[in-house]
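Derivation of every value follows stated rules applied to the coordinates shown; laboratory data play no part. This one's a predicted model, so the numbers in the text were calculated from it and none came from an experiment. Methodologically, a virtual Cβ is constructed for each residue, glycine included, from the backbone with ideal geometry; neighbour enumeration extends over all protein chains shown.
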Amino acid sequence: MFRVAVITGASRGIGAEIARQLSVAGYELALIASGPWKETPEYPTKTVTYQVDVSDFTAVKQTVADIKKEFGQIDVLVNNAGITRDMLIMQMSEEDYDRVLDINLKGQFNLIRHISPIMLRQRSGRIINISSVAGLIGNAGQTNYASSKAGSIGLTKSVARELAPRGITCNAIAPGFIETDMTKDLDVPLKQMIPLGKSGQPSDIAATAVFLASEGARYITGEVIRVDGGMGM
């Protein structure tokens, strides 16, 4: 029986690399992005793309139903979709605060809310939420982002407790500074902030996600794994 993974924010960066590595590991893919897909990525296994705003509860419900109809099952959910709208709190608008929370945190809730009943009926499943080291230690200029990622950690631990009796695990990955389109314009003194003295790559996060989806992680739940070069120590 094929294993099926749903990945949000899957059109680029960390999400695209998670998709690639899970496909190589044998998972069929349901890939979600907020914008239109120019073409379906060429991965080794069956891949279907979907466009949806993850903050839209009703639209996510329909998309999950479409995925279930297409694939017949959902075994892994990777909640990767996220945005930043950085600003010092004294200048941050209500709109920028709300939008980051809606995508980064409510989006994770929406996917879990609509996929968990499928996993409960299967009596198995792996949920992986992409949080951030900012959710653990905070970061100046990122009140909205850090709040959303700290919320993701609370969501992860609560969901892990609720779903564990049915054999479903829920864990979070907390990346540090990862080289992606989202971070390419940031001016960060890496050697001062990161003990390893270098930024991470999307492949570092993807490898951790593949592990959490694997049989080797079957007894791990409610955990937050930092992949940050020591930044959050």
So I have (i) 57, 44, 42; (ii) 69, 40, 29; (iii) 48, 37, 36, and one of them is Cα extents along the principal axes in Å calculated from this model. Which one is it? (iii)
So for the chain, taking the charge dipole from beta-carbon charges (+1 Lys/Arg, -1 Asp/Glu), which of Leu155, Asn171, Ile118 sits furthest toward the positive end? Ile118
